1. Do we find a residue being of a type in the set (A, V, I, L, M) and within 36 Å of the chain's Cα centre (by Cα) anywhere in the stretch A:170-179?
2. Of everything in the stretch A:109-122, what is polar (S, T, N, Q) and in a loop (DSSP other than H, G, I, E, B)? Give them in sequence order.
3. Would you pick out the residues in the stretch A:7-34 that are under 11 Å from B:Ile64 (Cα atoms), of a type in the set (Val, Ile, Thr) and surrounded by 12 or more Cβ atoms within 10 Å (Cβ to Cβ)?
4. Which of the strands (runs of 3 or more DSSP E) contained wholly in the stretch A:141-228 include at least 2 residues that are hydrophobic (A, V, I, L, M, F, W, C)?
5. Of all residues being at the interface with chain A (Cβ under 7 Å from one of its Cβ atoms) and over 18 Å from B:Trp7 (Cβ atoms) in the stretch B:39-61, which is surrounded by the most Cβ atoms within 10 Å (Cβ to Cβ)? Just the residue, please.
6. Take A:Ser39 and decide whether it is in contact with a Gly (Cβ under 8 Å, 6 or more places away or on another chain) and facing chain B (nearest Cβ under 9 Å).
7. Under the condition of being over 20 Å from A:Asp184 (Cβ atoms) and among the β-branched types (Val, Ile, Thr), which residue from the stretch A:129-158 is modelled with the lowest pLDDT?
8. With the checklist (1) in contact (Cβ under 8 Å) with a residue 12 or more places away in the chain; (2) under 30 Å from A:Ile58 (Cβ atoms); (3) of a type in the set (Phe, Trp, Tyr) in hand, flag the one item B:Phe50 doesn't pass.
Amino acid sequence: MINEIEKQWIHGLCAILISLLLLVFSSQLKYGGVVADMSTRILNIPEYPVRKLREGIIDLSMWFHSKDRLYSRVRILEEENTHLRTKLNISEAVSLARQIDQSSDIARVTFRAPSSWWSEFRINKGLSDGLVPGQLVLQDGALVGRIAAVEKSFSWVELISSSSLLVPAVVEETREVAVVAGDDMGDIWLLYLPDNSNASEGMTVSTAIVNDMSPPGIPIGTISGTDSYYLGGAKAIPLEMKADLSRLYEVSAISYEENVN
Amino acid sequence: MSYLCFWFLQDFLQVFLAGNILVPEYFLLFLLYRSLSTEESFIFFLWIAFAGGLLWDIRWTGLIGLTSGIYVSGLIMARWVWSFIPDTGKTGFMLSFFIWFPIFFVSLARLVVWGMGRDLLFQAFMIQQACIIPVLVIFAVFHSRKVASDNA
């Protein structure tokens, strides 16, 4: 009689032996492929949900991946777009600047020092462009100053808000002649009006004919108050400037001869 | 029935992971646990291991007889060595070691058959071991509780 342990050994060795025989001869078995196919077909049924779950997870992962790729592609395209727009804007700006430079009428403001902000600025036209000292400088038809110094390719313009620039002016409504001067702080004043002047708030002030360089009728501003002040010992009435000195980018220089022509 | 469940668990994992990692040998793990921790007939476990391994070979490896032979061998070796351990030494930790050790060798055998790059093999092996260890811990806890309740 064999005991339980021996039985276990015999069964175990039998199982191993069968396994080895199968391993060696399975490729030669006539129905090996059929059995494998059948088992695969049967096991495919319970495995179906797992397979579908796997496919779903892969699809989801691919979807996230493709979306991520799409986002990164959009970001790259946006950057490219911004870059191209910037390039386009720069080339447009350069072309515009060239046009302005080539134009005989318009001069660009190229420098305005903070220390003399309300007194002077530099433009990119000079002697070679036919400018001479004393010519009036306009912004959109309104007086902003007068050319003080001219070099070959640039000029310095003295602003109307400068205290050293005195411009002969006339009150259009009353035809009273006076002088416009600045205070170096961005404001302009009408000086030397007679005490019995009829000038009042809202009346227009423009240049008066005094010499060849200062043609008459160029708008300077309007009277903004009737209260009189004293500026450098002279009675002064505040004016509101027509030109915008805070947005001074382009100006044009004008001489009396040109105006007449 | 529970053996079938563990076989299918392993099979589903194989389907789900589609050969990207070495699938954890949950079927053998459960067989080892049952054969070492219960008094059921060992011959029954042997033929269950043989059948499960054979089915696995037919379904996945194509080398019919390889897994069944490895499973049966692992089971016999574990049971044989386990029989030398005195009853007082058959703790949860010892049981988990005796379950893990044959699985370790089965995994090595699979790595040999698998044939991938060394780095990928190592990665796949480590993931497989990481999946096995939590289950081993659970079985060890079960066994410890069983031993404690038997001694009470």
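The values are calculated or read from the model by the stated rules, or taken from the named source; none is laboratory data. Please read these numbers as outputs of a predicted model, since none were measured by experiment. No Cβ is skipped: glycine too gets one built from the backbone with ideal geometry, and neighbour counts run over all protein chains shown.
1. no
2. Taking the stretch A:109-122 as the starting set, the residues that turn out to be polar (S, T, N, Q) are A:110, A:115-116, A:119.
Within the stretch A:109-122, just A:Ser119 meets the criteria.
3. Hit for the stretch A:7-34 is A:Ile18, nothing else.
4. Passing ranges, in order: A:142-150, A:155-159, A:166-171, A:176-182, A:188-191, A:219-223.
5. B:Phe42
6. The answer is no for A:Ser39.
7. Applying the filter and picking the extreme gives A:Val132.
8. (2)
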